[in-house]
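In what follows, a single structure is set out as structure tokens and then discussed.
The values are calculated or read from the model by the stated rules, or taken from the named source; none is laboratory data. Remember, predicted model here, so these are calculated numbers, not experimental data. No Cβ is skipped: glycine too gets one built from the backbone with ideal geometry, and neighbour counts run over all protein chains shown. Surface areas here come from the heavy atoms of the whole protein model, side chains and all, with no ligands, DNA or RNA. Shrake-Rupley method; radii C 1.70, N 1.55, O 1.52, S 1.80 Å.
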Amino acid sequence: MAENGEEKLIAVARHIAKTLGHTDNAMTDDILQIFSNFDGRLREKLNENLNDGDDSRNGVAALDQTLKSLDRQISRYVTVDHPIWSDSADASTFLDAVDELVAAIREWTPMAADKAVTACLDRAEDLLQQCMFRLEEEFKLLMERGGADPFENTDGGGGAYVDSDDEEDNDEYDEAEIPVAHPVSDYNIIIDALPSGTINDLHEISKRMVGAGYGKECSLAYSSCRRDFLEESLSRLGFSGLQKSNAALEDDDNEVEIDKWIKAINMAVRVFYPSERRLCDRVFGYSSSTAAAADLSFMEACRISSMELLNFANGIAMGSRAPDRLFKILDVYEAVKDLMPEFEVLFADQYCLFIRNEAIRVWKRLGESIRGIFMELENLIRRDPAKAAVPGGGLHPITRYVMNYLRAACSRPTLEQVFDENVVPPVGVDRSFSPSSPLAVQIAWIMEVLESNIESKSKIYRDPALSSVFMMNNGRYIVKKVKDDELGSLLGDDWIRKHVGKVRQYHVNYQRNSWNKILNTLKLDNNNLSPNVASKSFKEKLKLFNSHFEEICRNQSTWAIFDEQLKEELKLSVNGALLPAYKTFLARFLNIQDIAKYAEKHVKFNVEDVEERINGLFQGTAVSGSGRK
């Protein structure tokens, strides 16, 4: 209790002293000394407080002197109009002064409650800000002076890039035209964009700026220089960025632009960005205290160029879903898919995560666009009108287009991966066979839609035999395109056997609708007819045969069979059915009493004539329109 009383008494004494002598520190000390003479017990306590006050004032005075000294040193550098780093000794002295200033601020910041200390710290912060501004300026100068040409300074690829305008001497084009680099196929190269000495100098500056709390300013200084470097590098590869990705591309230019984009994104993600990541780490260091600044710098340097590349791919994905765009979109999809491991590694930190996520989103949109194209192909087939019949029952253009399209599409292994993401089979697909993959289900469904469309077109023909020839032609073409191809592997042997059976049935239908009527005229009556009745009956049958046969041959000589093997099979089949029956009929006819002398009048075709006329069938053009067979 006594101690508390003494402390209160001392506090009161000091308050009185400060109140009476607030304008004069010496007066305050004298008053405190007088108080101590009244009570010896207070002498020791008051002397301790007086000594503490002396130490504090002496410390503030020392801080003040230090700041004045540092101000004189630093002012010499922050105001010069030439780069400090042009002289290594000046750079070292300047950094030492900055270090001393930062150390002083850190040492005295815990005592900032003292007004005198706060005033000194404010001066120190102002001086530190001047230092940081100058360091930022020096940082930019070093970045700009040390920048290397990405197409000349590559490990293992020094000869890979050659400027196309190297031999031109006309200087007025130097700024207007950016040289275009020759492409490379080996991406296992690293670009050392800055000399090692410059990187060391930049590291020393970044270490001070980050340590002083100016890491964001340092990162922005870094990224503003390196961003331009990356964009120029992509321009020299021929990629024109958002100028094209947001514009409607002409079909003729689209493939050219996509080709340029593929080369650009491969160089960016496999060479430029890894090299930039390496440079960031060397400039900012690998410590935990500078990791955030390094990550931010890398993100800001790569953000615009990476988003331009991804926006181009996104523009392709969001474009028309016309079937003829499939292969262009597949090229872009494959390029992004192949680069996803690099995106995962390069853009994994907190600042870059949005770039990686955008790459994933674009990749998925491209897949959706590809699947959407197959839906559009279905719609295109359904909407193809059944207007004019194909002459001669030949191959319909829609069949040729769809089958060649599917063969080309299924030759791309990537397509199966795209459809693995969408495993729900279309409603109405034939499940009588077991497809091996979601892609197989999709292809089988398109086949069903195509067959349904072809069947509706076959109904245009008034002649059932010609309708069967039309179905046979298109069915045979479908089976032929599926066999011995990736389509066959997807659809399976059961599907092929089923459709071979369909073609065989069309063959049977053709023969029944064309030749059964003639074969019926050659059927023989029983042998009990009188010669006169038999003679009359045979003459009528022969007359009907001549009429029907001539009409069929006249009509079917213009019909078309696209497949030579199928054409021969049909002729052999007709000959095999008709010739034996005709031979038998003629033999019986010529055996009738007194008929032989009138035979030439009634027999218009002998067996050889019939065979020759059958062999002259199907001489029409089998493929309607132009294009690949």
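Quick look at the numbers
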| quantity | calculated |
| --- | --- |
| Helices (runs of 4 or more DSSP H) (entirely within the range 554-629) containing at least 1 residues that are modelled with pLDDT of 90 or more and of a type outside the set (F, W, Y) | 564-590, 607-615 |
| Residue match in the range 91-113 (condition: touching a helix residue (DSSP H, G or I) at 6+ places or on another chain (Cβ under 7 Å), within 22 Å of M209 (Cβ to Cβ), at pLDDT below 90 and assigned to a loop (DSSP other than H, G, I, E, B)) | no |
| Single unsatisfied condition, R325 versus (1) at pLDDT 95 or above; (2) of a type outside the set (A, V, I, L, M, F, W, C); (3) closer than 18 Å to E416 by Cα | (1) |
| Tally, over the range 256-312, of residues that are among the hydroxyl-bearing types (S, T, Y) and under 16 Å from I190 (Cα atoms) | 2 |
| Yes/no for S537 being more than 12 Å from V610 (Cβ to Cβ), at pLDDT 90 or above and part of a helix (DSSP H, G or I) | no |
| Considering residues of the range 367-386 that are open to solvent by 40 Å² or more (accessible area, probe 1.4 Å), in contact (Cβ under 8 Å) with a residue 40 or more places away in the chain and not hydrophobic (A, V, I, L, M, F, W, C) only, the residue nearest to T621 (Cα to Cα) | D384 |
| Test: residue in the range 456-470 that is free of Cβ contacts under 8 Å to residues at least 40 places away in the same chain, under 36 Å from the mean Cα position of the chain (by Cα) and surrounded by fewer than 21 Cβ atoms within 10 Å (Cβ to Cβ) | no |
| Residue tally, condition open to solvent by less than 40 Å² (accessible area, probe 1.4 Å) and polar (S, T, N, Q), over the range 312-337 | 1 |
| Positions within the range 481-501 being under 30 Å from T558 (Cβ atoms) and surrounded by fewer than 17 Cβ atoms within 10 Å (Cβ to Cβ), in sequence order | K483, V500, G501 |
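Each row is one residue, and each column tells you yes or no for (1) more than 23 Å from F229 (Cβ to Cβ); (2) within 14 Å of the chain's Cα centre (by Cα); (3) open to solvent by less than 30 Å² (accessible area, probe 1.4 Å).
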| residue | (1), (2), (3) |
| --- | --- |
| R277 | no, no, no |
| A291 | no, no, no |
| S297 | no, no, yes |
| C302 | no, no, yes |
| M307 | no, yes, no |
| L310 | no, yes, yes |
| R356 | no, yes, no |
| A359 | no, yes, yes |
| R365 | yes, yes, no |
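Each row is one residue, and each column tells you yes or no for (1) surrounded by fewer than 18 Cβ atoms within 10 Å (Cβ to Cβ); (2) of a type outside the set (K, R); (3) at pLDDT 95 or above.
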residue	(1), (2), (3)
G393	no, yes, no
T399	no, yes, yes
M403	no, yes, yes
V418	no, yes, no
P425	yes, yes, no
P435	no, yes, no
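Every residue, every condition in (1) over 27 Å from Q417 (Cβ atoms); (2) touching a helix residue (DSSP H, G or I) at 6+ places or on another chain (Cβ under 8 Å), yes or no:
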site	(1), (2)
F343	no, yes
F347	no, yes
L353	no, no
W363	no, yes
M375	no, no
D384	yes, yes
I398	yes, yes
